[in-house]
1. Step through the table entries B:Lys89/B:Lys137; A:Lys240/B:Lys193; B:Lys136/B:Lys172; A:Lys192/A:Lys221, compare each Cα-Cα distance with 20 Å, and write down the pairs that go over it.
2. Which aspartates and glutamates does B:Lys235 reach when only Cα atoms under 19 Å apart count, and residues fewer than 8 places away in its own chain are ignored?
3. Residue farthest toward the positive end of the dipole of the protein assembly as shown, with Cβ of Lys/Arg at +1 and Asp/Glu at -1: which of A:Leu38, A:Ser250, B:Val94?
4. Could you give the size of the charge dipole of region A:10-129 about its Cα centre, using +1 on the Cβ of each K and R and -1 on the Cβ of each D and E, expressed in debye and rounded to the nearest 20?
5. What number comes out for accessible area per residue over the protein assembly as shown if the probe is 1.4 Å? Units Å², please.
6. Restricting the calculation to Cα positions, tell me the Rg (one decimal) and the Dmax (whole number) of chain B in Å.
7. Shape call for the protein assembly as shown from the C-alpha gyration tensor, a ≥ b ≥ c root eigenvalues: rounded (a/c under 1.5), prolate (a/b greater than b/c) or oblate?
8. Sorted by accessible area with a 1.4 angstrom probe, largest first, how do B:Glu139, B:Glu90, B:Glu192 fall?
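The values are calculated or read from the model by the stated rules, or taken from the named source; none is laboratory data. Keep in mind that what you see is a predicted model, and the values were worked out from it rather than measured. With ideal geometry, Cβ positions are generated from the backbone for all residues, glycine too; neighbour counts draw on all protein chains shown. We work out accessible area using only protein heavy atoms, side chains counted, and drop any ligands, DNA or RNA first. Shrake-Rupley method; radii C 1.70, N 1.55, O 1.52, S 1.80 Å.
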Amino acid sequence: MGIFDRYQSTDDTIKKYLKQLWEYQEAEADLMVEIATLLYEDDAIDDAVGFLERSVRIYEELGLYEQEASILDLMGDVYLNMDENNTALKYYRKCHQICTAKDLPIIEDVFNKIQELEEVEQTSTKIGTETSTSSVDEDSYSEIFDEGFSDEMEKVDYENIGSKLDDIISLLDEYAIYGSYQKFDNPLAHIKEAIEMSRSIGDDKGEAGLILIMGDISLKKEETEKSLDYFQQALKKFRKIGDDKGEAISRLMVGTAYFLLGETEEGSSYLRESMEIIKFLHDDKMEKAAMALLKSIYR
Amino acid sequence: MSRLESGIPGFDEIFSSVSDFDLTGFPGNTSTLIIGPPKVGKSIFCYQFAYHGLSIDEPCLYITADEGMKQLQQNMIDFNWFLQSAMDKEMLYVIDSISSLSGASIETTNTYNLSKINDPTDLMVKVGLGTRFVFKKSEEFRSVFDSLTTPFAFNPEPMVVRFLKTYIRRLKEAGATIIFTCTEGIVSENTEKILKSIANNVIMMDGDYITFRSIEGPIGTAKYHITDKGIIVDKGEVL
């Protein structure tokens with residue numbers, strides 16, 4: 001019996017435990033993918049993505065490249081289904097990098113997806129430019145309304161409208177603070193938590209601002225019906241507390257959502273009401289931002 | 001009920017003498033309001049309470065609402081209490097809800113977050129982040145809110161009261177021992193009554209005497225002094 005036999009046996013035990021730990025972690029990641037699949041089927045997309053993100057991190061840590069690449073590819077598909085092409089592209093590219101480095105069989109499939117998406121992006125940029133050059137340049141919003149909505153809905157530049165809405169929502173007093181929550185991991189969960197907080201405190205203004213931001217996020221995901229619901233809730237709150245600026249911004253949001261849903265008359269009515277309030281507020285910054293939005297909607 | 005050391009010489013002994021328990025010290029997992037006129041040592045009580053906890057490895061969530069982070073550190077340095085090492089060890093998480101009012105761009109860190117005094121929802125969100133951070137260090141920790149005077153100046157009184165209730169509930173659920181301060185006479189009589197009823201313990205400081213009512217009921221009082229080592233409490237009596 002050697003003096004170091006005891007250490008030899010400790011070493012073996014540690015190895016055994018590490019192997020076990022490794023297996024548990026792999027099983028944990030596999031389970032997360034299973035949960036994500038169920039959540040996705042249940043339309044809980046954000047939660048599903050959250051689980052997929054966590055599983056990717058575990059696979060990466062364990063050096064399970066094939067699984068990591070396959071989940072990144074899957075996440076690309078999820079975002080593609082939500083029409084978030086840029087994010088989808090980001091995941092496909094990450095996946096492609098791993099496939100190239102590790103010579104994984106899905107490389108060709110992923111490469112094709114990247115190519116297709118890049119083509120789509122180039123086309124939409126072109127359409128965006130055309131829309132922008134044909135939009136109205138006059139300062140009077142009445143003239144813009146008189147021009148009428150675009151007849152061809154497929155030519156609507158969602159990205160452009162989204163950025164105009166960002167400009168408007170950033171004028172909200174609360175945005176400087178609440179907008180920063182979007183930088184957190186899982187921003188929606190944080191914003192939802194903040195809404196609960198604002199309700200428990202009775203901070204109506206804070207709640208209205210947060211709901212508006214939720215609507216903006218939903219609209220960016222092209223969940224237009226959902227976003228309309230949020231915007232309406234925010235509008236109701238801002239009206240309740242007599243916040244004109246909040247009301248004007250909410251009306252712009254509601255109007256835009258109606259427009260995107262094809263309910264142009266309803267949308268027009270909200271946009272007009274909003275412009276009336278903005279005119280009354282004498283807020284140049286807001287007027288400019290609102291005009292820019294109208295120009296992207298009407299032409 | 002667990003007990004912890006307040007770090008204020010003489011205080012724990014008197015606090016224990018008014019309680020029904022044999023244990024010595026500050027009652028753990030409770031909330032304590034410190035109230036009194038300006039410049040009587042309420043903030044010094046907070047510094048001392050937080051610093052002593054840190055010195056015995058009890059983490060702390062510190063919300064500073066009257067003074068910015070730099071001023072807080074400076075005030076504590078006056079007593080030779082240095083915070084940097086606690087922050088480096090991630091034992092102290094500070095929420096500074098006043099500095100951003102100046103509009104200056106201030107960087108946040110892992111253990112230093114900003115909020116706005118006129119935005120209680122954001123403050124509560126940051127409290128949530130801070131609580132989770134500190135809770136990871138220990139299931140028993142201290143939390144200081146110094147003071148409610150500024151939130152009351154910027155927000156409707158009922159909203160601050162609701163904020164406080166939520167803050168206390170969440171922090172107590174997480175295992176914290178909470179102290180919060182308020183300047184006497186800055187809120188309506190009714191709100192002051194509510195504040196006193198929300199807290200498990202009330203400490204009143206008037207510049208000469210520190211008087212307190214513990215969760216268990218009886219009232220104790222003692223003379224106190226502010227020295228270069230912080231607050232020192234003399235032998236007191238139960239009223």
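1. A:Lys240/B:Lys193
2. B:Glu5, B:Asp12, B:Glu13, B:Asp20, B:Asp22, B:Asp206, B:Asp208
3. B:Val94
4. For region A:10-129, the charge dipole is close to 460 debye.
5. Normalised by residue count, the accessible surface of the protein assembly as shown is 49 Å².
6. Reported Rg and Dmax, both Å: 16.5, 51.
7. Numbers: a/c = 2.92, a/b = 1.37, b/c = 2.14.
Oblate.
8. Details: B:Glu139 130, B:Glu90 55, B:Glu192 30 Å².
If we order B:Glu139, B:Glu90, B:Glu192 from most to least accessible, we get B:Glu139, B:Glu90, B:Glu192.
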